[in-house]
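Enquirer: The structure that follows is given in the form of structure tokens.
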Amino acid sequence: MRHRVLFCIGMIGSLALAQQAGKGCIAGDCEKALGRYVYANGDYYYGKWKHGKRDGKGQFYKIDGTIYDGFWRNGMMNGKGKMIFPDGDIYEGDFKDNKLEGYGVMVYAGKTIYKGNWSNSQRNGKGIMKYLSGDSYNGAYKDGKRHGMGRFNYRNGDSYNGMWANGEMNGQGTYHYADGTSQSGIWENGEIVKQ
């Protein structure tokens, strides 16, 4: 946490100095080496450049509060990186062409944690979600929602193991209650419709 706060303070201080100095390349070589650049809208970048584009390791501070620290290729976030969002969410993992793509960990501001696969900046593929409430889900995702085979464990001891669609229990599955009883059958929108 201390490192994150110091990083943010350092970036804000650098941004204030950069804005005083003017827009464009304010220090270093923003064509083919290490340089500092302030964009017309106030966004700020410090890092490696190649052919006038962000390329290599660099830090980008957006005026909306978003901070990215990681790798770039051809002017876009590509490779490993860490992004702090204005709402307090923090993502650390793979990026491709400015999108969350591959494996990554998202710690949401409410302390819910997702570890798993991403595609097109959404949870897609296999992942594990641990909620602040104590509930957890381990299974498949599609377009950010539980979709496919997965197991949801509730804090009270109940669990559901089966198929999901659009974030709801849908298809063949079994709901196990904490008291030892269970219901198996076909589910639709979170309700059992056929046992």
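The values are calculated or read from the model by the stated rules, or taken from the named source; none is laboratory data. Everything numeric in this text was worked out from a predicted model, so none of it was measured. Note that we place each Cβ from the backbone using ideal geometry, even for glycine, and neighbour counts take in every protein chain shown.
Enquirer: Scan the range 58-88 residue by residue and report those that are touching an Asp or Glu at 6+ places or on another chain (Cβ under 7 Å), on the phi < 0 side of the Ramachandran plot and not in a strand (DSSP E or B).
Expert: Residues satisfying the conditions are Lys62, Ile63, Pro86.
Enquirer: If the requirement is being over 9 Å from the mean Cα position of the chain (by Cα) and outside the structural domain of Gly150 (by TED's automatic domain parsing), which of these qualifies: Gly65, Gly93, Gly116?
Expert: Gly65
Enquirer: Consider only pairs whose beta carbons are under 6 Å apart and that are at least six residues apart or on different chains; among these, list those whose first residue lies in the range 89-108 and is assigned to a strand (DSSP E or B) and whose second residue is surrounded by fewer than 16 Cβ atoms within 10 Å (Cβ to Cβ) and of a type in the set (Gly, Ala, Ser).
Expert: Listed pairs, sorted by first residue: Asp94/Gly102; Lys99/Ser121; Leu100/Ser121.
Enquirer: Let me ask you something else. Take Lys145 and decide whether it is in contact (Cβ under 8 Å) with a residue 12 or more places away in the chain, out of contact with any strand residue (DSSP E or B) (no Cβ under 6 Å at 6 or more places or on another chain) and not assigned by TED's automatic domain parsing to the domain that holds Met77.
Expert: When the stated conditions are applied, Lys145 passes them.
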